Amino acid sequence: MVATAYAAHALSYPRAGWAEQDPAEWVNALIATLRELLDATGGREIVALSFGSQLDGMVAADADGEPLRPALIWSDRRAGAECEAVAARADVERLRQLTGCNLDPGHVAAKIAWLSAHEPDAFNAAAVFAPPGSWVAWRVSGELAVDPSNGSSMGLLDPRARAWASEACDAYEVDVDRLPRVERADAVLGPVLPWLCEATGLSAETLVVMGAGDEMAATLGAGVLEPGVVCDILGTAEPVCAVVGEPAHDESGMVELHPHADPETWLLENPGWLSGGAYRWFRDELGSPEMVRAAQDGSDVYELLDALAEEAPPGAGGVSWLPALAGAMAPEWNASARAAWFGMTAAHGRAHLARALLEGNALALRDVIEAIAAAGHAPSQVVCVGGGAKGRLLCELRAHITGLPVVVPDDVETTARGAAMLAAAGAGLHSSVAAAGQAMACPRGEPVQPDPELRELYDDLHRRHRDLYAALRPLFNGTP
């Protein structure tokens, strides 16, 4: 790694369940970070540029690429009624087998249907519906395309053929001519346009390479190219990806099938529940002592919260956490599910609540891993990446609860690294995406091994976790 740069994006939540961004935020962030990188490297040549971009977002744009409204992003859940309408007129299981995707308001297909129903002027004016990464690549190269991983997460692509599925487009009433053409993740779209050179100082010879979805880029960036390994991305959400050498189908629907950033493989993927986001919520609402101390002495507030959680015993003294602050993604996809602590008495305190929350997130990971195994691809190792992977306790809990060894790469921020691998492969610096992944991945640390003495305790806790969800499930339908 030579240099890194970071810029934040502003978010907007106009209503409950809605989440939007102004696409100009992405372009401004790109300009700012490229300038910073060029300054940090003394103008060192940048051969190619690529993207690991948020999945499940939608930009409705005119023929010149100008957005017609703010983008609906991955966490926007407004299209529930549109999903119900599709279910009423189409064979949902057939669609899932065809696209690898569940019928879910998070996917772009449902968001396009929402736009058609509620904002017909914008819908009719749109020449294209593009994921965020496709739109940004279009703006900087002048070429409109989408890679198979982003296209697949729209719910309109056949992941086996890596091509648009006309039957799925018909089910959502989407004109395939208004979708980007599909290109490999390592495809060169062309050189950067002159406006970006002028804005950043980039060379006019810098190539733009297509890129992939953030989860796929993170998995690639972690060097997870081989079947039998799960990539657990510990961010605000906790996506889980397992590489498979051939397409597979999960009967339970807990994991979807998508193309990997490596054009030769696929992923069984769960897009993740609010995991790090739930820990941040705990910090903000119940972590005042740790926040005060961190402000006073410069400590890392999450290290202090981890220490608090370790004051409670394994199993959190009988307290369980159901990880569904933003709906459940395990043991099933259920947007109506809500989070809960269960089993509290007057003898319990903040330490038990904190540990139960961390254990609940790891139990959800076990749910997903068991679904991957049931689909015929039992993993033998978990690679943890993302900011949460810096926490020793979080990795230990995942090892103990899943029964699998957990390893962490030296660089846990692997999404940008995966995009750099795609840029390198597209520019010909490596012979293939897999070769770039093998050459550019960071070394991994020593595995955290599961503790056999905790196996029975966590097996019992997992059964209670599933029983708790089943007991509360009938109540979720009445949740506002």
Using a 1.4 Å probe and counting only protein heavy atoms, arrange Arg293, Arg69, Arg283, Arg77 so the residue with the most accessible area comes first.
Arg293, Arg77, Arg283, Arg69
For labels at Trp18 and Ser166 in the simple 7 Å Cα→Cβ model, what's the distance in nm?
3.6
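Can you bin region 344-480 into rounded, prolate or oblate? Criterion: square roots of the alpha carbon gyration tensor eigenvalues sorted a ≥ b ≥ c, rounded for a/c under 1.5, prolate for a/b above b/c, oblate for the rest.
Working: a/c = 2.22, a/b = 1.94, b/c = 1.15.
Prolate, since a/c reaches 1.5 and a/b exceeds b/c.
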What percentage of the solvent-accessible surface of region 55-154, computed with a 1.4 Å probe over protein heavy atoms, is contributed by carbon and sulfur atoms?
49
Can you work out the PRE-style zone for Glu453? Point 7 Å along Cα to Cβ, and I want the residues of region 312-330 with backbone N under 13 Å.
314
Between 0 and 90°, nearest 10: helix 414-426 axis offset from the chain longest Cα axis:
30
Please find the FRET efficiency linking Asp64 to Arg280, where r is the Cβ-Cβ separation and R0 is fixed at 51 Å, and quote it to the nearest 0.05.
0.85
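Ignoring ligands, DNA and RNA, please state the percent of accessible area on region 267-328 from carbon and sulfur, probe 1.4 Å. Provide the component values of the computation, followed by the final result.
Details: 1270 of 2520 Å².
Here it works out to 50 percent.
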For region 330-346, Karplus couplings with θ = phi - 60° (6.51, -1.76, 1.60), whole Hz, Gly/Pro x:
7, x, 8, 7, 8, 5, 8, 5, 10, 6, 7, 9, 9, x, 7, 10, 5
Output the 0 to 90 degree angle, nearest 10, between the alpha-carbon long axis of helix 350-374 and the longest principal axis computed from the alpha carbons of the chain.
60
Expected vector for region 174-188, Karplus 3J(HN,Hα) from phi with 6.51, -1.76, 1.60 and θ = phi - 60°, integer Hz, x for Gly and Pro, equals 10, 7, 4, 5, 9, 10, x, 5, 8, 10, 4, 5, 9, 6, 7
Accessible area in the full protein assembly, largest first, 1.4 Å probe, for Tyr6, Tyr302, Tyr279
Tyr6, Tyr302, Tyr279
Calculate how steeply helix 392-402 sits against the longest principal axis of the alpha-carbon atoms of the chain, using the helix alpha-carbon long axis, and give the answer as 0 to 90 degrees to the nearest 10.
80
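Divide the volume of the convex hull of the Cα atoms of region 218-364 by its number of residues and quote the answer in cubic angstrom per residue.
Values: hull volume 18.7 nm³, N = 147.
Enclosed volume per residue, from the Cα hull, is 127 Å³.
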To the nearest 20 debye, what charge dipole does region 1-141 have about its Cα centre, counting +1 at the Cβ of each Lys and Arg and -1 at the Cβ of each Asp and Glu?
240
Between the residues Ala48, Ile401, Trp26, the Cα farthest towards the positive end of the dipole of the chain, that dipole coming from +1 and -1 charges on the beta-carbon of Lys, Arg, Asp and Glu, is from Ile401
Can you give the accessible area per residue of the chain, in Å², using a 1.4 Å probe?
40
Under a 1.4 Å probe, counting only protein heavy atoms, His9 has an accessible area in Å², nearest 10, of 90
Starting from the residue with the highest accessible area, list Ser116, Ser50 in decreasing order, probe 1.4 Å.
Ser116, Ser50
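With a ≥ b ≥ c taken as the square roots of the eigenvalues of the C-alpha gyration tensor of region 372-424, please select rounded if a/c is under 1.5 and otherwise prolate if a/b is larger than b/c or oblate if it is not? Let's see the in-between values first.
Working: a/c = 3.25, a/b = 1.33, b/c = 2.43.
Judged from the Cα gyration tensor, region 372-424 comes out oblate (a/c at least 1.5, b/c at or above a/b).
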Evaluate region 280-418: find the radius of gyration of its Cα atoms, find its Kirkwood radius, and give the ratio Rg to Rh.
0.98
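Give me the percent of DSSP beta bridges within the chain that run antiparallel, rounded to the nearest 5.
Working: 32 of 46 bridges.
Percentage antiparallel, nearest 5: 70.
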Where the Cα atoms of the chain are projected onto their three principal axes, how long is each span, largest first, in whole Å?
65, 57, 42
What is the spin-label model distance, in nm, from Val2 to Gln438 if the labels are put 7 Å beyond Cα along the C-beta direction?
2.5
Carbon + sulfur, % of accessible area of region 394-445 - ligands and nucleic acids excluded, 1.4 Å:
54
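Can you give the Kirkwood hydrodynamic radius for region 9-107, in Å, rounded to one decimal and based on Cα pairs? Can you show the working numbers first?
Details: mean 1/r = 0.0609 Å⁻¹.
The answer is 16.4 Å.
The values are calculated or read from the model by the stated rules, or taken from the named source; none is laboratory data. Since the model is a prediction, treat every value here as computed from it, not as a measurement. Here the Cβ is made from the backbone with ideal geometry for all residues, glycine too, and neighbour counts use every protein chain on show. These area figures cover heavy atoms from the full protein model, side chains too; ligands, DNA and RNA do not enter into them. Shrake-Rupley method; radii C 1.70, N 1.55, O 1.52, S 1.80 Å.
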